[in-house]
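Okay, structure first, notes after.
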Amino acid sequence: MIAGTSRGPPRMYGMSDGSSFYITTPVFYVNDVPHIGHAYTEVAADVLARWHRQSGDDTWLLTGTDEHGQKILRTATANGVLPQAWADRLVETAWRPLLTTININNDDFIRTTDERHKAGVQKFLRKLYDDGYVYSGEYEGFYCVGCEEYKQPDDLYYETGDAGLPLCLIHSRPVEVLKETNYFFRLSDFAQRLLDLYESNPDFVQPPAVRNEIIRFVRQGLADLSISRSSFEWGVAIPWDNTHVVYVWFEALLNYITAIGYGDDEQSFERRWPAVHLVGKDIARFHAVIWPAMLMAGGLPVPHRVFGHGWLLVGGEKMSKSKLTGIEPSQITDTFGSDAFRYYFLRAISFGHDGSFSWEDLSARYHAELANGFGNLASRVLAMVTRYFDGRVREPTTYSAADLAVQVMVGEAAVAANAAMGRLAIHEAIATVWTIVDELNGYITVHEPWVLAKREDGHDRLATVLYTVIEGLRALAVLLSPVMPIATQKLWVAIGAESALGALTKQNILSAGEWGQLPPGATVGVLEALFPRIEVEVAE
Ligand code: MSP
């Protein structure tokens, strides 16, 4: 293994060859309950993981919680409990339940208080210390506890007319002055190697706006990083000096390798690493600068890719609990369901850009695209098969040019969607699949099965038209199952595919666009409305 490089040339994810696809979310702070910004990363990672699983990749989705550091300690203390008890409570009552609320199929959940994590962190740090990448020194600076980070002048602003401490741009709260004798990581040694990495592998940090910001930042030169704290004890002890705990970011980043057996289970580690990291753009620097430098120092390959997605904005600002604009995922899923939640955020926002959330937009898309566009298509088709053919899918006869055009477009859309997923352009992949929904709706309007049904000689043509739309629905169910697992499963059963073709999650997504998979003779069932109209007034 060559230190500091990923193995082999960069892969196009989605071009499956059965190899490893390891994807992570950040580990989330347990100082508060999750909001839709956190759920957004989870859903994006889950959709990519499901897509890859159905492509036959050896897929692993990791998520978890970040439980050490001053921020959690202060929250716990303010609530009159010990930090471990606080973290346990939040994990069990809020963070694990989130995964059920939005239907995340993760393979592992790591808590940074897990023994496996603490042991791995200590092993890693000991190695860096032994190899001379860590030394003892003194540091004084402005520290934001909200960010758990020393701040640079660019990250701060002053309230007009206020002679006091500057405020953190992200949290709009005054920073604190911190002076400590700490252990330092020789981050400055890695500036050139990092720049070489960004240059030689342009996909390493994405999207381009984040990549440019990272390159600009590293070009200014890097200061060594203070990686220990001695003013409190809530953390992982520095292995050679237990008066210090490891700086929470340095420790938390290591979750991505401690979870897959770093220093403990070499086979598992080799099988999974390196990863694709999905993070919010606000924490891209930690992941695209500090993290690869840590890995280089530790003699390990860097991640395949760090993708910094945009923010969900409410009222034009980053939605956040601390600014009281937080919306809990269940506020949405209780009314619209988890499928609509997943679809909406991934379809409406270009992955990599900021997006404004509004209830009106959510409701409008739900009704136009899910209820009328997709749900209605499915119920109409099934109702027609039931009414005209006693619920049996009939063998198509001669395909007309229009039918063949549907087949070609389904095939092409499936290929294009896979390529978009490979670029992490999730919104584009869904929009591409949606062209099939629009095509099938248009096809029904043009070919009027209800008119064919009334014609003496219309029977054969009707069989072909209905086969065309139902086979189109078969492809849609497979292609949309990573995004909307519940609705597509209902559809899958209703079109008779479960008994004819087996489980939906076992269908290879890479061949979803190949025509003619649903065998004639399949029996369709009843389908309740996939996305019932919602009459209730949604909360403002
Ligand atoms: N604990 C660190 C991550 C450590 S990873 C080694 C952390 N946690 S967090 O809970 O504050 O944030 C986790 C993620 O949520 C970040 O990627 C952040 O960008 C994301 N989001 C928080 N608010 C968000 C929005 N309003 N919109 C989109 N994502 C947002 O940072």
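The values are calculated or read from the model by the stated rules, or taken from the named source; none is laboratory data. All of these numbers come straight from a predicted model, not from anything done at the bench. Note that each Cβ is placed from the backbone with ideal geometry, even for glycine, and that neighbours are counted across all protein chains shown. What goes into the accessible areas is simple: the full protein's heavy atoms, side chains included, and nothing from ligands, DNA or RNA. Shrake-Rupley method; radii C 1.70, N 1.55, O 1.52, S 1.80 Å.
Here's the yes/no breakdown for (1) touching a Leu at 6+ places or on another chain (Cβ under 7 Å); (2) at pLDDT 95 or above; (3) not basic (Lys, Arg):
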site: Pro34; (1), (2), (3): yes, yes, yes
site: Val43; (1), (2), (3): yes, yes, yes
site: Arg50; (1), (2), (3): no, yes, no
site: Gly56; (1), (2), (3): no, yes, yes
site: Gly80; (1), (2), (3): no, yes, yes
site: Ala87; (1), (2), (3): no, yes, yes
site: Thr100; (1), (2), (3): no, yes, yes
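For the range 373-429, enumerate the residues that are farther than 21 Å from Thr488 by Cα, small (Gly, Ala, Ser) and surrounded by fewer than 18 Cβ atoms within 10 Å (Cβ to Cβ).
If the condition is that a residue be farther than 21 Å from Thr488 by Cα, small (Gly, Ala, Ser) and surrounded by fewer than 18 Cβ atoms within 10 Å (Cβ to Cβ), then Ser400, Ala401, Ala402, Ala405, Ala419 are the ones that fit.
Please specify each residue of the range 288-314 satisfying the condition of being without any contact (Cβ under 8 Å) to a residue 60 or more places away in the chain and more than 16 Å from Phe124 (Cβ to Cβ).
Those that are without any contact (Cβ under 8 Å) to a residue 60 or more places away in the chain and more than 16 Å from Phe124 (Cβ to Cβ): Gly310, Leu313, Val314.
Applying the selection to the range 494-518, what residues are assigned to a loop (DSSP other than H, G, I, E, B) and either open to solvent by 50 Å² or more (accessible area, probe 1.4 Å) or touching a residue at least 40 places away in the same chain (Cβ under 8 Å) (or both)?
Ile495, Gly496, Gln507, Asn508, Ala512, Gly513, Glu514, Trp515, Gly516, Gln517, Leu518 - these are the residues of the range 494-518 that are assigned to a loop (DSSP other than H, G, I, E, B) and either open to solvent by 50 Å² or more (accessible area, probe 1.4 Å) or touching a residue at least 40 places away in the same chain (Cβ under 8 Å) (or both).
Consider only pairs whose beta carbons are under 8 Å apart and that are at least six residues apart or on different chains; among these, list those whose first residue lies in the range 172-201 and is basic (Lys, Arg) and whose second residue is open to solvent by 80 Å² or more (accessible area, probe 1.4 Å).
The qualifying pairs are Lys179/Glu138; Lys179/Glu140.
Would you pick out the residues in the range 122-155 that are within 28 Å of Tyr40 (Cβ to Cβ) and in a helix (DSSP H, G or I)?
Matches in the range 122-155: Asp154, Asp155.
Here is a check on your reading of the model: is Glu159 over 20 Å from Ala252 (Cβ atoms), touching a Leu at 6+ places or on another chain (Cβ under 9 Å) and surrounded by 12 or more Cβ atoms within 10 Å (Cβ to Cβ)?
yes
Give Val177, Val145 a once-over and let me know the one that is open to solvent by 60 Å² or more (accessible area, probe 1.4 Å) and among the β-branched types (Val, Ile, Thr).
Val177
Filter the range 282-333 down to the residues that are hydroxyl-bearing (Ser, Thr, Tyr) and either more than 11 Å from the ligand (Cβ to nearest atom) or farther than 20 Å from Val30 by Cα (or both), then identify the one that is surrounded by the fewest Cβ atoms within 10 Å (Cβ to Cβ).
Ser330
Enumerate the strands (runs of 3 or more DSSP E) found wholly within the range 263-347, keeping only those where 2 or more residues are modelled with pLDDT under 95 and farther than 16 Å from Val43 by Cα.
Of the strands (runs of 3 or more DSSP E) lying wholly inside the range 263-347, those with at least 2 residues that are modelled with pLDDT under 95 and farther than 16 Å from Val43 by Cα span 312-314.
Is there a residue in the range 184-193 that is out of contact with any Gly (no Cβ under 9 Å at 6 or more places or on another chain), outside any helix (DSSP H, G or I) and under 29 Å from Thr113 (Cβ atoms)?
For the range 184-193, residues out of contact with any Gly (no Cβ under 9 Å at 6 or more places or on another chain), outside any helix (DSSP H, G or I) and under 29 Å from Thr113 (Cβ atoms): present.
Out of Leu99, Leu62, which single residue is closer than 18 Å to Thr25 by Cβ, open to solvent by 10 Å² or more (accessible area, probe 1.4 Å) and within 24 Å of the chain's Cα centre (by Cα)?
Leu99
Under the condition of being aromatic (Phe, Trp, Tyr) and away from the ligand (no atom under 15 Å from the Cβ), which residue from the range 334-347 is surrounded by the fewest Cβ atoms within 10 Å (Cβ to Cβ)?
Taking the candidates together, the pick is Phe336.
Could you grab the pairs with beta carbons closer than 6 Å, sequence gap of 6+ or different chains, first residue in the range 462-477 and without any contact (Cβ under 8 Å) to a residue 60 or more places away in the chain, second one assigned to a helix (DSSP H, G or I) and not small (Gly, Ala, Ser)?
Qualifying pairs under 6 Å: Ala477/Thr488; Ala477/Leu491; Ala477/Trp492.
Sort out which residues of the range 19-30 are open to solvent by 30 Å² or more (accessible area, probe 1.4 Å) and near the ligand (Cβ under 8 Å from one of its atoms), and write them in order of number.
Listed by number, the list holds a single entry, Tyr29.
Taking the range 70-84 only, how many residues are assigned to a helix (DSSP H, G or I) and either surrounded by fewer than 15 Cβ atoms within 10 Å (Cβ to Cβ) or not hydrophobic (A, V, I, L, M, F, W, C) (or both)?
Total meeting the criteria: 8.
Which residue, of Leu370, Leu440, is open to solvent by less than 60 Å² (accessible area, probe 1.4 Å) and under 24 Å from the mean Cα position of the chain (by Cα)?
Residue meeting the stated conditions: Leu370.
So which residues in the range 219-262 are within 16 Å of the ligand (Cβ to nearest atom), closer than 25 Å to Asp107 by Cβ and assigned to a loop (DSSP other than H, G, I, E, B), if there are any at all?
Correct list: Val236, Leu254, Ala259, Ile260, Tyr262.
Across the range 348-359, what is the number of residues that are surrounded by 17 or more Cβ atoms within 10 Å (Cβ to Cβ) and either basic (Lys, Arg) or part of a strand (DSSP E or B) (or both)?
1
Examine the range 54-69 for a residue that is within 16 Å of the ligand (Cβ to nearest atom) and in a helix (DSSP H, G or I), and state whether such a residue exists.
no
What tally of residues in the range 57-92 results from selecting those that are touching a residue at least 24 places away in the same chain (Cβ under 8 Å), over 20 Å from Leu253 (Cα atoms) and of a type in the set (Val, Ile, Thr)?
2
Among (1) closer than 23 Å to Gly352 by Cα; (2) at pLDDT 95 or above; (3) not aromatic (Phe, Trp, Tyr), there is one condition Val248 misses while meeting the rest; what is its number?
Status for Val248: all satisfied but (1).
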